[in-house]
Each structure stands twice: as C-alpha cells, then as structure tokens.
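Remarks on the structure that follows.
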Amino acid sequence: MNKKNRLRHLITFIAITQTLLCAAQAPVKISVLVDKPQARIQPTMWGIFFEDINFSADGGLYAELVKNRSFEFTTPLMGWKQNRVGGADASLLVVNRNSVNANNPRYVNIAIKNNKGSFVLTNDGFRGMGLVKGEIYNFSMLAHAVDGDVKISIEAINETGETIGRATLSQVQGDWQAYKTQLTCLKTSPKAKLNVTFEGQGTVQVDMISLFPANTWKNRTNGLRADLVQKLADLHPGFMRFPGGCIVEGRDLANRYQWKKTVGDIADRQLIMNRWNTEFSYRSTPDYFQSFGLGFFEYFQLCEDIGASPLPILNCGMACQYNSAEVASLNQIDPYIQDALDLIEFANGSTNTKWGGLRASMGHPAPFNLKMIGVGNEQWGEQYLERYKIFAAAIKKAYPSLKMVTSAGPDPDGERFDYLTKAMRAEKASLIDEHYYRTPEWFLKNASRYDEYDRKGTKVFAGEYAAHIPNETQKDTRAESHNTWWAALSEAAFMTGLERNADVVHMSSYAPLLAHVDAWQWRPDLIWFDNLRSVATPNYYVQQAFSTHKGNRVVPVLAGNKILAGHDSLYSSATIDTANRQVVIKIVNTSVQPRMVNINIQSKSRLGKQVQWLQISNPDKMVFNSLEQPDQVKPVSQNITWVGKEKMVKLDGLSVNVFIVAGGKF
C-alpha cells in the first residue's frame with residue numbers, strides 16, 4: 001500500500017471513529033424558551049476598546065506615513081537621516097522656539113552654501129512606509145524661505161533604493177506657510193522611505209513634513225487608515241472606549257493623556273512620549289510617541305461613522321499605580337474635574353460655548369451625543385474611591401443624566417476587587433469596569449460568573465478581557481501566534497454567560513484592539529496589521545458573531561432544566577430580535593469531539609423553515625490567522641431546513657455555532 005493510500009485509509013478511519021463516538025453519545029436536548037423573554041440587551045452590549053499600544057495610532061489607525069514629522073521626539077532627528085549628494089555644502093540645525101510655540105517648538109533650519117548637488121532628508125516611516133502601485137499620496141510641509149533660492153522635491157524609494165514616485169513643490173517664498181503636492185506610486189512597497197531633497201543655494205526652514213494616502217477612511221484629508229477602520233465598522237460595535245487603557249494614566253501625571261492637547265490645529269497638538277515606549281524591556285520601542293493626530297475630535301467622528309456610542313475615559317488625578325503611583329493631592333484635583341466637564345461640553349455643548357464652539361470650528365457643529373464617561377482607568381484603593389466621589393458629585397451636578405463608569409481594579413477577584421465592588425455599589429455608580437486577562441480554562445470555568453450577581457443597582461462593564469495562552473504552549477514565533485482558536489473558543493463560551501446575564505452586564509469589549517506585527521508590546525490582540533495588510537483573528541470572528549447577531553431580549557436556554565454552561569462541554573445563550581422577528585441561538589462546543597444536539601424551540605409563533613447556520617470551527621486548538629494565512633479560522637454560513645420547532649444537528653468539535661431562525665411576533 002503506497003503512502004497516499006495509507007493516508008486516505010487513516011483519514012477514513014478517523015472519520016468513522018468520530019462518527020461512532022458521536023453516535024454512541026446520547027444527543028443533548030436543548031430547550032429554547034422563546035415565549036419567556038427575560039432581560040433586555042443593551043445596544044452597548046458588544047463594543048470595542050481602543051488604546052494606543054502596539055503602534056495602534058501613529059503607525060496604525062492614523063494614516064500618517066512620516067515618523068517624527070515635527071522633530072519633537074526626545075531625539076529630534078529620530079526617524080530621519082541626512083545625506084549630502086554631489087558635493088553639496090549644507091548644514092542642518094534643529095531650532096527650538098519653545099517660548100514662542102510651546103506645543104510645537106522645533107523646526108529644522110537647512111542652509112546650502114554652494115549651488116552644487118543636493119541635501120536629502122530621508123524618513124524611515126513606522127517600520128517603513130506601505131505604498132501601493134497606482135495610489136496617490138498627499139505630501140505637505142510648513143516652510144519658511146529665509147534667503148536665497150532653494151528648490152524642494154520629494155521621492156519615494158523602495159527597499160532597494162529604487163525611485164517609485166516623484167514630485168516637486170512650488171517655490172518656497174516668504175514667511176511660514178503650507179506647501180502641498182501629490183505623488184503617484186509606480187510600484188508597491190511595504191517598506192518604502194521618503195526622500196525630501198533640497199537644491200540650490202540659500203536657507204530654508206521646514207516643519208510638519210507629512211505624507212498621507214489619499215485613500216483614507218471616507219477619503220478624509222489626513223485621515224484614518226481605511227482597511228483598519230473597515231474592520232472596526234464590520235464589528236458593528238455598540239460603543240468605542242478611548243483612549244485606553246493605561247495610556248489614560250501615564251507612567252506619571254506629566255505623561256498622562258490630556259484631551260485638550262489632542263484637539264484644534266494638528267500642528268499645535270503637543271507630542272508626548274508614549275508610555276509603552278519603555279514599559280517592557282524585552283519589547284523596547286524608543287521611537288514610540290503620540291502625535292495626537294488621532295485625537296478626541298477624530299475619535300468622536302469615528303464613533304459617529306461606525307455607529308458606536310463614545311465612551312471616553314479620563315484621568316482622575318492618578319498615574320499608573322504599577323509605575324510611579326503618583327497622585328494629585330485632593331486640594332489640587334479641580335483641574336482634572338474641569339477637564340472632564342469641558343470634554344462633555346466639547347462633545348455636547350452649544351456652538352455658543354467655548355468648547356462646543358471649538359468642535360464647530362473643527363467642522364462638526366452638531367453635538368456628538370455623549371451619554372457616558374469613565375473616571376479613571378484601572379485604579380484601586382481608598383485614594384481612588386475618594387477621588388471618584390469628588391468627580392461624581394461635580395459631574396452629576398452639571399450633567400445628571402450622564403452615566404459614569406468606574407474601576408474595579410486590574411483583577412477579576414481578590415481584596416482590591418472586593419473592596420471597590422462593594423464601595424462603588426454603595427456609591428450607586430452606573431457601571432463597574434471589570435477586567436480579566438486569564439487562561440482559556442479560567443474563561444470556561446467562569447462562564448457562569450454573573451448568574452448569581454445582584455440583579456439590582458450598579459451594572460457591569462466587562463471592559464478588558466482576552467484569553468492568554470501560556471507562552472510555553474505556543475512554539476510558533478510569529479506575532480499573531482497567541483491569538484489561537486482555543487483562546488477565541490474559550491472567550492465565546494464566556495460570552496454566552498455575558499449575554500445570558502444581560503440584565504447585569506450592559507457592556508463588554510475585548511482588549512487590546514490593534515497591533516503592528518513589527519512593533520507590538522502586548523499580545524494577544526484583536527486585529528493584526530503591517531504597513532499594507534491587516535488580518536482578523538479568530539477572536540475577532542467570535543466578537544463579530546456575537547455583535548452582529550445580538551437580538552434585544554434574552555430567552556432561556558435549558559438542558560435538563562439547567563442553564564447550558566459546560567454540560568457535555570457545551571455553552572449556550574439565546575436571544576430574540578423583535579424588530580427583525582428572529583430567534584438567535586448560540587452554542588459553543590469546547591470538546592474536540594462532535595456533539596449531537598436536539599434543539600427544541602418552544603414558541604407559539606410560527607417559525608421559518610430556512611435557518612441560517614453560522615459556524616466557526618477548526619480541529620486544531622493552536623491554529624491562528626496570520627497575514628500570510630488569514631483564513632485558517634473564519635465563519636462559514638449555510639442554510640439548513642428546519643421543519644417544525646425541533647432540529648437535530650451535529651456540531652463540529654471545537655466550534656462556535658449561531659442559528660438564526662426566522663419567526664413571527666414575539
């Protein structure tokens with residue numbers, strides 16, 4: 001018997017064995033009690049969490065291709081290289097005008113003393129620049145002609161130094177003003193660079209050197225990267241949390257996120273070092289800064305674009321307690337509270353107000369309809385509670401209908417968690433933000449976490465969660481390798497518990513959201529990308545399966561009069577969508593073996609015969625999607641015939657299953 005025949009017989013044997021095992025096991029009888037609707041599901045049930053980690057903003061969602069465009073990094077010329085060609089006698093000075101412009105103090109002064117050759121500034125981009133053949137790129141810069149006659153041109157070069165695009169600027173004349181041109185790329189390059197070339201004789205000063213694709217999200221000038229935003233939009237998130245995350249806190253208070261420095265003219269937004277710059281010595285990123293090109297205006301606009309309610313998180317006068325643990329004294333807390341009140345005015349205020357007027361001047365006279373705000377990120381202890389009380393009193397007085405999100409600390413249990421959970425419920429906080437970064441096994445064991453929670457009063461925001469596999473279990477070294485199917489499957493099982501308890505859990509979001517494969521600090525992450533491509537992880541497809549098939553009322557799912565949360569390795573939740581007249585049943589099989597289930601829908605309404613069955617499965621627990629192999633795990637949809645209100649189905653091992661059943665009135 002040759003090798004091919006032996007393999008064929010082995011595959012047949014395995015298939016027969018699995019079928020016999022499945023047949024030998026009695027079907028699990030599942031009852032879906034459609035006529036007994038329970039909790040209402042909030043529009044915010046499934047959302048997204050954004051933090052500028054893993055080059056998520058600069059070098060990621062924010063489509064700017066030039067790194068350190070205004071020379072404000074700690075090392076002013078980081079990302080730039082100088083080259084004198086053809087005997088050019090040229091010099092460069094970094095000039096600091098802090099007393100004149102504290103937000104953007106530096107520019108470069110380039111003096112060319114002879115009319116020979118050229119002086120070239122080369123920018124490396126964010127681990128290179130992703131340029132696409134046939135695409136148009138918008139170049140801009142601020143320039144001041146001091147004396148003489150200096151001509152400026154630009155060119156894109158690929159990894160071998162070949163020119164793949166070229167353009168010239170109009171003659172620089174007079175005082176500071178903006179100069180623009182467009183470059184069309186002749187070849188695709190994932191690791192291109194930009195050359196800015198100066199020729200002639202004289203002195204010119206330049207700042208804010210910028211290159212953007214014309215093809216941004218909604219074709220907005222100097223906007224967001226279209227493919228990444230599309231993946232966010234395809235999740236149909238109910239909310240978007242921003243800007244974090246530990247970014248909110250900063251390593252110390254000076255390094256905290258300050259929203260007022262992220263709005264207004266792009267050139268006047270004060271750059272700071274990203275706190276993830278030096279957080280992990282084994283993933284050090286000394287070139288990681290925050291330009292705030294993606295600031296609070298762009299955030300609110302993005303929420304509006306993708307139909308997500310904004311959830312801004314603001315510093316409460318506390319830096320990261322894992323780092324400096326610095327706090328503002330209580331008698332110095334007023335500026336932090338005023339920042340929160342002013343942000344609400346920026347989002348919702350009349351155009352006659354100071355901050356509502358700024359919003360209007362940026363192109364959005366209508367309010368952004370902000371309904372909730374977070375006080376602090378992952379703080380804990382008495383010092384957090386006393387600051388929260390001051391914030392809550394001031395915000396409730398000015399905006400009594402606004403919901404407030406408060407921390408439960410960094411862990412899902414323990415002394416710090418217990419203290420804050422009890423205290424915040426006593427304070428009648430709107431939502432308590434619980435975080436869980438744990439193993440897949442923890443998620444399976446905690447699928448019933450909220451079944452016994454208090455149904456009254458303060459609700460839960462499952463604000464940061466992701467199943468983390470132990471490093472030693474994954475031998476693959478690719479960046480995306482920790483987003484395994486097993487991790488995603490365990491999250492799906494846990495999410496059935498969140499959905500089943502929608503009267504307790506009003507919001508949830510996976511974290512972190514985005515990661516650059518060449519510049520990450522933390523994993524797993526929901527979406528991975530490089531300079532040209534992006535890939536949805538198995539975890540992404542699980543989130544999408546829940547968020548796009550949400551329903552608006554929970555209905556019971558029972559197996560033997562008990563909730564299905566681990567029995568025979570099965571986990572389930574069900575909802576009805578009264579607007580679209582659908583029953584949505586989710587069943588997660590965490591066993592490697594297939595499972596026969598007999599689904600009985602108990603409803604007075606007449607049900608449709610054609611049922612959509614969305615399935616995500618893979619027999620390999622450790623498989624993951626990569627940029628090179630993006631479709632290892634992805635949803636597959638089929639229509640099945642469902643005569644009557646009962647159906648026997650065979651669920652694949654290691655699978656997430658969503659059944660969408662058309663019905664009548666509920």
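Between D411 and E159, take the C-beta separation as r, use R0 = 60 Å, and let me know the FRET efficiency to the nearest 0.05.
Rounded to the nearest 0.05, the efficiency is 0.85.
Take the eigenvalues of the Cα gyration tensor for the chain, scale each by 5, and report the square roots as semi-axes in whole Å, largest first.
Largest first, the chain gives 49, 32, 21 Å.
Given the C-alpha centroids of the range 352-383 and the range 211-242, what is the distance between them in whole angstrom?
Cα centres, the range 352-383 to the range 211-242: 21 Å.
Which of Y436, A447, Y465 sits farthest toward the positive end of the charge dipole of the range 424-476, with +1 on the Cβ of Lys and Arg and -1 on the Cβ of Asp and Glu?
It is A447, whose Cα lies furthest towards the positive end.
Would you work out the charge dipole size for the chain about its Cα centre, treating the Cβ of every Lys and Arg as +1 and the Cβ of every Asp and Glu as -1, and quote it to the nearest 20 debye?
2240 debye
For a 27 Å ceiling on Cα separation, which of these pairs sit above it: K81/K151; K389/K445; K29/K609; K36/K634; K371/K665; K459/K665?
In this structure, K389/K445; K36/K634; K371/K665; K459/K665 lie more than 27 Å apart at Cα.
Pairs K191/K260; K428/K645; K67/K621; K180/K260; K187/K621: which are spaced more than 32 Å apart, C-alpha to C-alpha?
Going by Cα-Cα distance, K191/K260; K428/K645; K67/K621; K187/K621 fall outside the 32 Å limit.
Out of residues 5 or more away from E51 or on other chains, whose amide H comes under 5 Å of its own, with H placed 1.01 Å from N in the peptide plane?
Amide H to amide H, under 5 Å and 5 or more residues apart or across chains, E51 pairs with L513, L514.
Can you tell me how much longer the chain between E135 and S284 gets when fully stretched, taken as 0.36 nm per residue apart minus their C-alpha distance, in nm with one decimal?
Extra length from E135 to S284 when fully extended: 50.3 nm.
For M273, M78, what ranking results if the residue with the fewest other Cβ atoms within 10 Å of its Cβ goes first?
By the 10 Å Cβ count, ascending: M78, M273.
Relative contact order of the range 525-577: what whole-number percent is it, with Cα pairs under 8 angstrom and at least 6 residues apart?
Worked out over the range 525-577, it gives 28 percent.
If I take every Cα pair under 8 Å that is 6 or more residues apart in the chain, average their sequence separation and divide by the length, what percent do I get for the relative contact order?
About 16 percent, as a whole number.
For helix 334-348, report the angle its Cα long axis makes with the longest principal axis of the Cα atoms of the chain; keep it between 0 and 90° and round to the nearest 10°.
80 degrees
How high is the FRET efficiency from K113 to N600, r the C-beta distance, R0 60 Å, rounded to 0.05?
0.10
Debye calculation, C-alpha points only, no solvent: report log10 I(q)/I(0) for the range 528-594 at q = 0.21, 0.23, 0.25 Å⁻¹, in the same order as the q values.
Log-scaled intensity ratios, in q order: -0.95, -1.03, -1.10.
Work out, step by step, the length gained on full extension between R455 and V146: first 0.36 nm times the residue separation, then minus their alpha carbon distance; give nm to one decimal.
104.3 nm
Just subtract the alpha-carbon distance of Q338 and T473 from 0.36 nm times their residue separation and send over the number in nm, one decimal.
43.8 nm
If we count every other residue with Cβ under 15 angstrom of Y336's Cβ, Lys/Arg +1 and Asp/Glu -1, where does the sum land?
That sum, taken over residues with Cβ under 15 Å, equals -2.
Can you give me the long-range amide H partners of T188? Hydrogens built in the peptide plane at 1.01 Å from N, cutoff under 5 Å, separation of 5 or more residues or another chain.
Here K133 satisfy the definition.
Give a residue-ordered list of calculated ³J(HN,Hα) values for the range 151-166 (Karplus: 6.51 cos²θ - 1.76 cosθ + 1.60, θ = phi - 60°; whole Hz; x for Gly, Pro).
Going residue by residue, I get 9, 10, 9, 10, 8, 9, 10, 8, 5, 8, x, 6, 6, 10, x, 8 Hz, with x marking Gly and Pro.
Going by Cα centres, the range 76-114 and the range 293-319 are how many Å apart?
A separation of 35 Å, based on Cα centres.
With angles folded into 0 to 90 degrees, how steeply does helix 485-500 sit against the dominant principal axis of the chain? Use alpha carbons for both and round to 10.
Result, in degrees: 70.
Give me log10 I(q)/I(0) at q = 0.09 Å⁻¹ for the range 80-213, Debye formula, one equal scatterer per alpha-carbon, no solvent.
-0.26
If you average the sequence gap of Cα pairs under 8 Å that are 6 or more apart and divide by the length of the range 80-213, what percent do you get for the contact order?
Relative CO of the range 80-213 lands at 34 percent.
No value in this document is a laboratory result; all are computed from the given coordinates. Small disclaimer: the values here were computed from a predicted structure and weren't measured. Using ideal geometry, Cβ is built from the backbone for each residue, glycine included, and neighbour counts are taken over all protein chains shown.
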